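Take a look at the structure set out below.
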Amino acid sequence: MTTTALDTLDRLESEAIHIFREVAGEFDRPVILFSGGKDSTLLLHLAVKAFWPAPVPFPLLHVDTGHNFEEVIEFRDKVVARHGLRLEVASVQDYIDDGRLAERPDGTRNPLQTVPLLDAITSHRFDAVFGGGRRDEERARAKERIFSLRNAFGQWEPRRQRPELWNLYNGRHRPGEHVRVFPLSNWTELDVWHYIARENIELPSIYYAHRREVYLRDGMWLAEGPWGGPRDGEHKIEKTVRYRTVGDGSCTGAVESDAADIQAVIAEVAASRLTERGATRADDRLSEAAMEDRKREGYF
């Protein structure tokens, strides 16, 4: 890796650590969204660095769709135990079981995460919520500030975004409002992988090439799971694949890949011309403004 790349990673790390410490000093009840995916794992790694040798002073929150890859949930629980952290789980399945939410006709649960998330924020009185969103992922996220004010209904209002000059962040909010905080805003997918390599950060195994039965739907390779399987005319085939992002299994696709180690993944990401969400997330293909619509409702 070049000296310039190392300097970039150092700057990004320093910025993220500064953001964690600013939030710790300015807010009363922060929480880190943690799913076990690569971005939230990186977020937790940076939080550990920010407060070492003291423990991370925030709990973790996972909004669980119930449609997770087993490897990711096992990894999530292992990391939580390793750091001795408290994990709160907001379960979409619980909301479906008691009638507060209904399954969508397409079986996708990602859009159903908003209500459990907002209820968890309200019930625990969280006033700052760390997320692993990055501006390079999607156009709506590119519009969002590092400190993103949400109103009393958890909604994002672009016109209320505040300027962020000279690394000064304004966390003022009224009772009932909260702030979403994105320490990875200025990172790219390639930055993330370079940093994971440099810091030797462990990830769920599905981020690397492995054999898996998949089927083709709308140009994406999907895996069978508790969310369902192939429809009429769709056929399972075993391929060597990996996941660039992980989420609800019903709408998260794999990519064909032989990248079995981190350096191979870095080379693959460097050559890609599609963002990870654009390439592998069906829920972002629902409309041109799918993510922005969800964020206005209170999504991550």
Next item on the list: Consider residue 174 carefully, then state whether it is out of contact with any helix residue (DSSP H, G or I) (no Cβ under 9 Å at 6 or more places or on another chain) and surrounded by fewer than 17 Cβ atoms within 10 Å (Cβ to Cβ).
Entry: yes
Notebook entry, point to check: Is there a residue being open to solvent by less than 10 Å² (accessible area, probe 1.4 Å) and either farther than 21 Å from residue 37 by Cβ or among the hydrophobic types (A, V, I, L, M, F, W, C) (or both) anywhere in the range 93-115?
Noted result: no
Item checked: First in the range 131-152 and modelled with pLDDT of 85 or more, second anywhere and among the β-branched types (Val, Ile, Thr) and in a helix (DSSP H, G or I), Cβ under 7 Å, 6 or more apart -> 146/19
Item checked: Matching residues, the range 8-48, being open to solvent by 10 Å² or more (accessible area, probe 1.4 Å), hydrophobic (A, V, I, L, M, F, W, C) and either more than 14 Å from residue 128 (Cα to Cα) or assigned to a helix (DSSP H, G or I) (or both) -> 12, 17, 24, 48
Checklist line | Pairs, first under 20 Å from residue 74 (Cβ atoms) in the range 32-55, second of a type in the set (Phe, Trp, Tyr) and assigned to a strand (DSSP E or B), C-beta under 6 Å, six or more apart | finding: 32/130
Check: Taking residue 126 and the conditions (1) assigned to a loop (DSSP other than H, G, I, E, B); (2) without any contact (Cβ under 8 Å) to a residue 60 or more places away in the chain, which numbered condition does it fall short on, given that it satisfies the others?
Finding: (2)
Checklist line | Residues (more than 24 Å from residue 249 (Cβ to Cβ) and not in a helix (DSSP H, G or I)) located in the range 49-81 | finding: 52, 53, 54, 55, 56, 57, 58, 59
Item checked: Residue satisfying all of: in the range 258-295; among the small types (Gly, Ala, Ser) and modelled with pLDDT of 95 or more; surrounded by the fewest Cβ atoms within 10 Å (Cβ to Cβ) among these -> 267
Item checked: In the range 60-92, residue most open to solvent (accessible area, probe 1.4 Å) [restricted to those that are basic (Lys, Arg) and under 20 Å from residue 30 (Cα atoms)] -> 86
Margin query: I'd like the residue in the range 129-145 that is of a type in the set (D, E, K, R) and not in a loop (DSSP other than H, G, I, E, B) and, out of all such residues, is surrounded by the most Cβ atoms within 10 Å (Cβ to Cβ).
Written below: 141
Check: Would you pick out the residues in the range 19-54 that are of a type in the set (Val, Ile, Thr) and within 17 Å of residue 179 (Cα to Cα)?
Finding: 19, 23, 31, 32
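The values are calculated or read from the model by the stated rules, or taken from the named source; none is laboratory data. Since we're looking at a predicted model, the values are computed, not measured. When we count neighbours, we look across all protein chains shown, and the Cβ atoms used for this are built from the backbone with ideal geometry, even at glycine. Surface accessibility is based on the protein's heavy atoms, side chains included, excluding ligands, DNA and RNA. Shrake-Rupley method; radii C 1.70, N 1.55, O 1.52, S 1.80 Å.
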